[in-house]
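K.L.:
Handing you this structure, nothing more for now.
The values are calculated or read from the model by the stated rules, or taken from the named source; none is laboratory data. All figures in this text were calculated on a predicted structure; none of them were measured in a lab. Cβ sites come from the backbone with ideal geometry, for glycine too, and all protein chains shown count toward neighbours. Accessible surface is based on the protein model in full, side chains and every heavy atom, while ligands, DNA and RNA are left aside. Shrake-Rupley method; radii C 1.70, N 1.55, O 1.52, S 1.80 Å.
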Amino acid sequence: QVQLVESGGGLVQPGGSLRLSCVASGSIFSIYSMGWYRLAPGKQRELVAGIARDGRTNYADSVKGRFTITRDNAKDTVYLQMNSLKFEDTAVYYCNAYAAGLSSWGQGTQVTVSS
């Protein structure tokens, strides 16, 4: 089992930046991929960015060129650097880990883009 703890959300103006962090613990060796999802009011949960064990990444079209997912294996941490934030990026962001056929979720961190 994998436990995930997110941090780094907050209030930012349009055009601003935030960096989210997700620290993993537990059965880290079994993690195949990790990702960031978001859930906005009235919308379905969507995958924002993912990173596989081999380092391959993928992004939602809406964030390509603005968001970057990276990982620090030494710290068991995955980051989401969010630049040029827009109003529509406002959501609760959740970290996800897929390991041994199971999906684990963090508690979520709120990102609000507002002027």
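K.L.:
Which residue is most open to solvent (accessible area, probe 1.4 Å), if the candidates are limited to the range 66-114 and must be at pLDDT below 95, of a type in the set (S, T, N, Q) and out of contact with any Leu (no Cβ under 7 Å at 6 or more places or on another chain)?
P.N.:
ASN73
K.L.:
Using the structure shown, decide if ILE51 is farther than 27 Å from SER114 by Cβ, part of a strand (DSSP E or B) and of a type in the set (A, V, I, L, M).
P.N.:
yes
K.L.:
Failed condition for GLY42, given (1) open to solvent by less than 70 Å² (accessible area, probe 1.4 Å); (2) closer than 19 Å to SER114 by Cα, with all others met?
P.N.:
Exception for GLY42: condition (1).
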